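The structure under discussion appears below in the form of C-alpha coordinates.
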Amino acid sequence: MYGRESDWCRRYVYAEYGEDPSGTAVFRDSFNRRFHVVEETHLIPGFPILIGQDFGRDPWSLIAQVDHLGRLVVHEEVAAEDTGLELHVQKSLKPKLLSEKYLGFRIAAVCDPSGKAKSTITEESNIEAMKRMGIPTFPASTNDLDPRIRAVEAMLLRQVNGGPQLMINGPNCPNLVLGMSGAYRFSKTKQGVRKPVPDKGPYSHVADCLQCLALTAHGGMVDYIASRLSPRKTHKRPAPSAKGWS
(Lines give C-alpha, C1' and ligand atoms only; values in the text may rest on other atoms or scores of the structure.)
Protein backbone atom coordinates (compact mmCIF):
# COMPACT_ATOMS: atom_id res chain seq x y z
CA MET A 1 0.00 0.00 0.00
CA TYR A 2 2.98 2.29 0.51
CA GLY A 3 3.04 5.07 -2.08
CA ARG A 4 -0.19 3.91 -3.75
CA GLU A 5 -3.27 6.00 -4.41
CA SER A 6 -6.48 5.34 -2.49
CA ASP A 7 -8.24 4.00 -5.62
CA TRP A 8 -5.51 1.39 -6.07
CA CYS A 9 -5.78 0.33 -2.44
CA ARG A 10 -9.56 0.13 -2.60
CA ARG A 11 -9.47 -2.24 -5.59
CA TYR A 12 -6.38 -4.37 -4.98
CA VAL A 13 -6.06 -4.44 -1.19
CA TYR A 14 -9.60 -4.16 0.16
CA ALA A 15 -11.23 -5.87 -2.86
CA GLU A 16 -13.86 -3.13 -3.16
CA TYR A 17 -15.30 -1.39 -6.21
CA GLY A 18 -13.36 1.69 -7.22
CA GLU A 19 -11.86 3.64 -10.09
CA ASP A 20 -9.37 1.81 -12.28
CA PRO A 21 -6.00 3.39 -11.40
CA SER A 22 -4.71 2.81 -14.94
CA GLY A 23 -7.04 5.55 -16.18
CA THR A 24 -9.56 8.22 -15.23
CA ALA A 25 -13.27 8.04 -16.02
CA VAL A 26 -14.31 11.01 -18.17
CA PHE A 27 -17.49 11.62 -16.15
CA ARG A 28 -16.15 10.45 -12.82
CA ASP A 29 -17.36 13.47 -10.82
CA SER A 30 -20.67 14.12 -12.59
CA PHE A 31 -22.31 10.78 -13.43
CA ASN A 32 -24.30 8.99 -10.74
CA ARG A 33 -25.59 5.62 -11.88
CA ARG A 34 -28.34 5.45 -9.26
CA PHE A 35 -29.61 8.91 -10.20
CA HIS A 36 -29.18 9.12 -13.98
CA VAL A 37 -30.06 5.53 -14.96
CA VAL A 38 -33.66 4.32 -14.81
CA GLU A 39 -35.31 0.99 -15.53
CA GLU A 40 -37.81 2.39 -18.01
CA THR A 41 -38.39 5.53 -20.09
CA HIS A 42 -41.54 6.59 -21.86
CA LEU A 43 -41.85 8.25 -25.25
CA ILE A 44 -42.94 11.88 -25.08
CA PRO A 45 -45.89 12.54 -27.44
CA GLY A 46 -45.46 15.51 -29.77
CA PHE A 47 -41.69 15.75 -29.44
CA PRO A 48 -39.37 14.55 -32.23
CA ILE A 49 -37.08 11.56 -31.94
CA LEU A 50 -33.44 12.68 -31.99
CA ILE A 51 -30.73 10.23 -33.03
CA GLY A 52 -27.20 10.84 -31.85
CA GLN A 53 -25.15 9.39 -34.69
CA ASP A 54 -21.48 8.46 -34.76
CA PHE A 55 -19.80 7.63 -38.06
CA GLY A 56 -16.69 5.65 -38.92
CA ARG A 57 -16.44 1.88 -39.21
CA ASP A 58 -18.52 1.44 -36.03
CA PRO A 59 -21.46 3.82 -36.66
CA TRP A 60 -23.33 3.65 -33.34
CA SER A 61 -26.67 5.39 -32.76
CA LEU A 62 -28.57 6.64 -29.71
CA ILE A 63 -32.33 7.18 -29.86
CA ALA A 64 -33.49 9.99 -27.57
CA GLN A 65 -35.92 12.87 -27.03
CA VAL A 66 -35.74 16.34 -25.48
CA ASP A 67 -38.91 17.44 -23.67
CA HIS A 68 -40.36 20.91 -22.99
CA LEU A 69 -38.30 21.23 -19.79
CA GLY A 70 -35.04 20.59 -21.62
CA ARG A 71 -34.59 17.09 -20.22
CA LEU A 72 -32.67 14.68 -22.44
CA VAL A 73 -34.21 11.20 -22.27
CA VAL A 74 -32.13 8.45 -23.90
CA HIS A 75 -34.43 5.57 -24.85
CA GLU A 76 -32.26 3.09 -26.72
CA GLU A 77 -28.84 2.42 -28.21
CA VAL A 78 -28.26 0.78 -31.58
CA ALA A 79 -24.88 -0.91 -31.67
CA ALA A 80 -22.59 -1.39 -34.65
CA GLU A 81 -19.32 -3.24 -35.04
CA ASP A 82 -17.11 -3.34 -38.12
CA THR A 83 -19.85 -2.34 -40.55
CA GLY A 84 -20.53 0.47 -42.98
CA LEU A 85 -22.97 3.31 -42.37
CA GLU A 86 -25.50 2.23 -45.00
CA LEU A 87 -25.64 -1.35 -43.76
CA HIS A 88 -26.03 -0.14 -40.17
CA VAL A 89 -28.88 2.22 -41.05
CA GLN A 90 -30.74 -0.22 -43.30
CA LYS A 91 -30.29 -3.37 -41.19
CA SER A 92 -30.27 -2.02 -37.62
CA LEU A 93 -31.39 1.59 -37.20
CA LYS A 94 -34.32 1.89 -39.62
CA PRO A 95 -36.02 -1.34 -38.46
CA LYS A 96 -36.02 0.17 -34.97
CA LEU A 97 -37.42 3.49 -36.17
CA LEU A 98 -40.09 1.81 -38.31
CA SER A 99 -41.34 -0.33 -35.45
CA GLU A 100 -44.72 0.35 -33.88
CA LYS A 101 -43.01 1.95 -30.87
CA TYR A 102 -41.80 4.97 -32.85
CA LEU A 103 -44.60 5.07 -35.42
CA GLY A 104 -45.85 8.61 -36.12
CA PHE A 105 -42.93 10.46 -34.49
CA ARG A 106 -40.90 12.97 -36.47
CA ILE A 107 -37.28 11.86 -36.67
CA ALA A 108 -33.94 13.64 -37.12
CA ALA A 109 -30.30 12.76 -36.50
CA VAL A 110 -27.51 14.94 -35.11
CA CYS A 111 -23.93 13.99 -35.85
CA ASP A 112 -20.30 14.99 -35.80
CA PRO A 113 -19.68 17.99 -38.11
CA SER A 114 -17.02 15.92 -39.88
CA GLY A 115 -19.94 14.06 -41.46
CA LYS A 116 -20.18 16.88 -44.00
CA ALA A 117 -16.88 15.82 -45.59
CA LYS A 118 -17.09 14.06 -48.94
CA SER A 119 -15.98 10.45 -49.23
CA THR A 120 -12.66 9.72 -50.91
CA ILE A 121 -14.44 7.13 -53.08
CA THR A 122 -17.76 8.79 -53.93
CA GLU A 123 -19.05 12.36 -53.97
CA GLU A 124 -21.48 11.62 -51.14
CA SER A 125 -20.89 12.65 -47.54
CA ASN A 126 -22.15 10.73 -44.51
CA ILE A 127 -24.81 13.37 -43.88
CA GLU A 128 -25.97 13.17 -47.48
CA ALA A 129 -26.12 9.38 -47.22
CA MET A 130 -28.29 9.63 -44.10
CA LYS A 131 -30.66 11.99 -45.88
CA ARG A 132 -30.81 9.71 -48.92
CA MET A 133 -31.85 6.88 -46.62
CA GLY A 134 -34.73 8.97 -45.32
CA ILE A 135 -33.29 10.38 -42.07
CA PRO A 136 -32.97 14.21 -41.91
CA THR A 137 -29.51 14.84 -40.45
CA PHE A 138 -27.96 17.94 -38.91
CA PRO A 139 -24.35 18.54 -37.82
CA ALA A 140 -23.69 19.35 -34.17
CA SER A 141 -22.30 22.77 -33.37
CA THR A 142 -18.68 21.69 -32.86
CA ASN A 143 -16.28 18.79 -33.10
CA ASP A 144 -14.04 20.02 -30.27
CA LEU A 145 -13.82 17.59 -27.36
CA ASP A 146 -13.95 20.08 -24.47
CA PRO A 147 -17.31 21.75 -25.28
CA ARG A 148 -18.82 18.35 -26.07
CA ILE A 149 -17.83 16.94 -22.69
CA ARG A 150 -18.90 20.15 -20.93
CA ALA A 151 -22.34 19.92 -22.57
CA VAL A 152 -22.82 16.40 -21.15
CA GLU A 153 -21.52 17.41 -17.72
CA ALA A 154 -23.79 20.45 -17.62
CA MET A 155 -26.79 18.20 -18.08
CA LEU A 156 -25.52 15.59 -15.62
CA LEU A 157 -25.09 18.21 -12.88
CA ARG A 158 -28.49 19.81 -13.30
CA GLN A 159 -31.79 18.66 -11.81
CA VAL A 160 -35.27 19.30 -13.18
CA ASN A 161 -38.22 18.96 -10.80
CA GLY A 162 -36.06 16.95 -8.43
CA GLY A 163 -34.98 14.48 -11.12
CA PRO A 164 -32.10 14.26 -13.60
CA GLN A 165 -31.91 16.47 -16.65
CA LEU A 166 -30.13 13.59 -18.41
CA MET A 167 -31.98 10.30 -18.04
CA ILE A 168 -30.76 6.97 -19.49
CA ASN A 169 -32.76 3.81 -19.99
CA GLY A 170 -30.46 1.24 -18.38
CA PRO A 171 -31.80 -2.03 -19.89
CA ASN A 172 -31.85 -0.53 -23.42
CA CYS A 173 -28.48 1.23 -23.18
CA PRO A 174 -26.05 -1.20 -21.49
CA ASN A 175 -22.93 0.04 -23.30
CA LEU A 176 -23.72 3.68 -22.65
CA VAL A 177 -24.20 2.96 -18.95
CA LEU A 178 -20.91 1.07 -18.77
CA GLY A 179 -19.13 3.85 -20.62
CA MET A 180 -20.51 6.54 -18.33
CA SER A 181 -19.66 4.40 -15.29
CA GLY A 182 -15.94 4.40 -16.13
CA ALA A 183 -15.26 2.40 -19.29
CA TYR A 184 -15.14 5.67 -21.28
CA ARG A 185 -11.96 7.07 -19.82
CA PHE A 186 -8.65 8.81 -20.21
CA SER A 187 -5.91 6.21 -19.95
CA LYS A 188 -2.46 6.98 -18.51
CA THR A 189 1.02 6.70 -19.93
CA LYS A 190 3.66 4.49 -18.32
CA GLN A 191 4.80 7.60 -16.48
CA GLY A 192 1.35 8.03 -14.95
CA VAL A 193 0.40 11.08 -17.06
CA ARG A 194 -3.20 11.26 -18.20
CA LYS A 195 -3.65 11.22 -21.98
CA PRO A 196 -5.48 14.26 -23.44
CA VAL A 197 -8.05 12.26 -25.44
CA PRO A 198 -10.30 9.40 -24.19
CA ASP A 199 -9.56 5.88 -25.38
CA LYS A 200 -11.17 4.80 -28.64
CA GLY A 201 -13.51 1.82 -28.70
CA PRO A 202 -17.20 0.90 -28.38
CA TYR A 203 -17.62 3.08 -25.31
CA SER A 204 -16.16 6.11 -27.05
CA HIS A 205 -18.52 5.62 -30.01
CA VAL A 206 -21.65 5.61 -27.88
CA ALA A 207 -20.28 8.47 -25.77
CA ASP A 208 -19.76 10.51 -28.95
CA CYS A 209 -23.43 9.96 -29.79
CA LEU A 210 -24.42 11.27 -26.37
CA GLN A 211 -22.18 14.31 -26.78
CA CYS A 212 -23.90 15.24 -30.05
CA LEU A 213 -27.28 14.97 -28.34
CA ALA A 214 -26.14 17.02 -25.35
CA LEU A 215 -24.74 19.76 -27.60
CA THR A 216 -28.10 19.88 -29.40
CA ALA A 217 -30.17 20.00 -26.22
CA HIS A 218 -27.86 22.28 -24.23
CA GLY A 219 -27.23 24.62 -27.16
CA GLY A 220 -30.90 25.22 -28.00
CA MET A 221 -30.88 23.54 -31.42
CA VAL A 222 -33.90 21.34 -30.78
CA ASP A 223 -36.49 23.97 -31.75
CA TYR A 224 -34.57 24.73 -34.95
CA ILE A 225 -34.44 21.06 -35.91
CA ALA A 226 -38.11 20.54 -35.06
CA SER A 227 -39.07 23.50 -37.26
CA ARG A 228 -37.32 21.90 -40.24
CA LEU A 229 -39.13 18.58 -39.92
CA SER A 230 -42.39 17.76 -41.63
CA PRO A 231 -44.93 15.42 -40.01
CA ARG A 232 -44.04 11.78 -40.51
CA LYS A 233 -46.16 10.08 -43.16
CA THR A 234 -48.24 7.12 -42.17
CA HIS A 235 -49.65 4.71 -44.70
CA LYS A 236 -53.43 4.38 -44.60
CA ARG A 237 -55.55 1.84 -46.42
CA PRO A 238 -57.58 3.57 -49.17
CA ALA A 239 -61.34 3.81 -48.63
CA PRO A 240 -63.31 1.18 -50.55
CA SER A 241 -64.93 2.32 -53.75
CA ALA A 242 -68.68 2.82 -53.81
CA LYS A 243 -68.75 0.63 -56.91
CA GLY A 244 -68.10 -2.35 -54.70
CA TRP A 245 -71.60 -2.05 -53.28
CA SER A 246 -73.39 -1.97 -56.65
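The values are calculated or read from the model by the stated rules, or taken from the named source; none is laboratory data. Keep in mind that this is a model prediction, so the values were computed, not measured. When we count neighbours, we look across all protein chains shown, and the Cβ atoms used for this are built from the backbone with ideal geometry, even at glycine. Protein only, heavy atoms only, side chains kept; ligands, DNA and RNA dropped before computing areas. Shrake-Rupley method; radii C 1.70, N 1.55, O 1.52, S 1.80 Å.
When Rg and Dmax are taken over the Cα atoms of the chain, they come to 20.7, 95 Å. Each residue of the range 92-108 is assigned a 3J(HN,Hα), and the resulting list reads 10, 6, 5, x, 5, 5, 8, 6, 4, 4, 9, 5, x, 7, 6, 10, 8 Hz, derived from the Karplus form 6.51 cos²θ - 1.76 cosθ + 1.60 (θ = phi - 60°), x at Gly and Pro.
Taking all Cα pairs closer than 8 Å and separated by 6 or more residues, the relative contact order of the chain comes to 27 percent. For Lys190 and Thr142, what does the FRET efficiency come to when R0 = 30 Å and r is the distance between their Cβ atoms, rounded to the nearest 0.05? Calculated transfer efficiency: 0.40. Rounding to the nearest 10 and keeping the result within 0 to 90°, find how far the Cα-based axis of helix 202-218 lies from the longest principal axis of the chain. It works out to around 70 degrees. How tilted is helix 145-156 with respect to the longest principal axis of the chain? Cα atoms for both, answer in degrees (0 to 90, nearest 10). Helix 145-156 sits roughly 80 degrees off the main axis of the chain.
Tally up the carbon and sulfur contribution to the accessible surface of the chain as a whole percent, 1.4 Å probe, everything protein left in place.
Ligands and nucleic acids excluded, carbon and sulfur give 51 percent.
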